[in-house]
Amino acid sequence: MDQGLIPQRYARALYKVALERNCTKPLYDLMKRMADAFAAQPELGRVIENPYVDAERKQQLLMTAAGVESTDKTPAIETLADFIKLLQQNKRIEFAREAAIAYVSIYRKACNIATVKVTSASPLDAAASEKIKNIIAARNPQGVLEYEEIVDPELIGGFTINIDNQKLDASIKNELKQLRLKLLSH
């Protein structure tokens, strides 16, 4: 079976349960934190896949990765705990990261949320950041936008904007690359 299909199926089922329990948004926040934890700590994936780490420890690690304190009890947290136990029982715990990413994607699609990543050579001042947000918001009036600002000195100057799968590159690095290609083609 396709490894992308398994997490998708689990994520769709989780979304349906979250709808029934009226906790899709808080569960979205938890799953987003979990996916971010996997991205920030690659060792987490190796520990979760390790057959010598016991099931209870893996469940605790995933709950911690989602930002859950051991004393917290909400419908979203209980749904997440049930989901992790289900993955463990079905011997699919290694798909926790992909299922979290899939759930985030499903939620974003259902709620018309677009992700916007603004990368600049140096930190944007508040006015420039606000201007970019207003321009993007005007082009997507019905949707919700989640912004992330990143500083990448390799851009030299300017910025890039990624909105879901679309990219606008107004960086000096890109202009230099385009100029180089023009010079090479002559």
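Taken over the stretch 37-60, the criterion of being closer than 17 Å to ILE101 by Cα and either open to solvent by less than 40 Å² (accessible area, probe 1.4 Å) or among the β-branched types (Val, Ile, Thr) (or both) is satisfied by ALA37, PHE38, LEU44, GLY45, ILE48. Set side by side, the residues TYR107, TYR147, TYR103 differ, and just one is in contact with a strand residue (DSSP E or B) (Cβ under 9 Å, 6 or more places away or on another chain), of a type in the set (Phe, Trp, Tyr) and under 18 Å from LEU27 (Cα atoms), which is TYR107. Exactly one residue out of LEU5, LEU27 is among the aliphatic types (A, V, I, L, M) and at pLDDT 95 or above: that is LEU27. For the stretch 63-81, indicate whether the set of residues that are modelled with pLDDT of 95 or more, among the basic types (Lys, Arg), surrounded by fewer than 18 Cβ atoms within 10 Å (Cβ to Cβ) and farther than 23 Å from GLU146 by Cβ is non-empty. So far as the stretch 63-81 goes, no, none of its residues is modelled with pLDDT of 95 or more, among the basic types (Lys, Arg), surrounded by fewer than 18 Cβ atoms within 10 Å (Cβ to Cβ) and farther than 23 Å from GLU146 by Cβ. Within the stretch 150-168, being modelled with pLDDT of 85 or more, charged (D, E, K, R) and open to solvent by less than 90 Å² (accessible area, probe 1.4 Å) holds for one residue alone: ASP152.
The single condition among (1) open to solvent by 90 Å² or more (accessible area, probe 1.4 Å); (2) farther than 19 Å from THR79 by Cβ that LEU19 does not satisfy is (2). If you go through the stretch 131-149 and keep only what is surrounded by fewer than 10 Cβ atoms within 10 Å (Cβ to Cβ) and assigned to a loop (DSSP other than H, G, I, E, B), you end up with PRO141, GLN142.
The values are calculated or read from the model by the stated rules, or taken from the named source; none is laboratory data. Just so it is clear, the structure is predicted and the values come from calculations on it, not from any experiment. Positions of Cβ are generated from backbone atoms using ideal geometry, with glycine treated the same way; all protein chains shown enter the neighbour counts. Accessible surface is based on the protein model in full, side chains and every heavy atom, while ligands, DNA and RNA are left aside. Shrake-Rupley method; radii C 1.70, N 1.55, O 1.52, S 1.80 Å.
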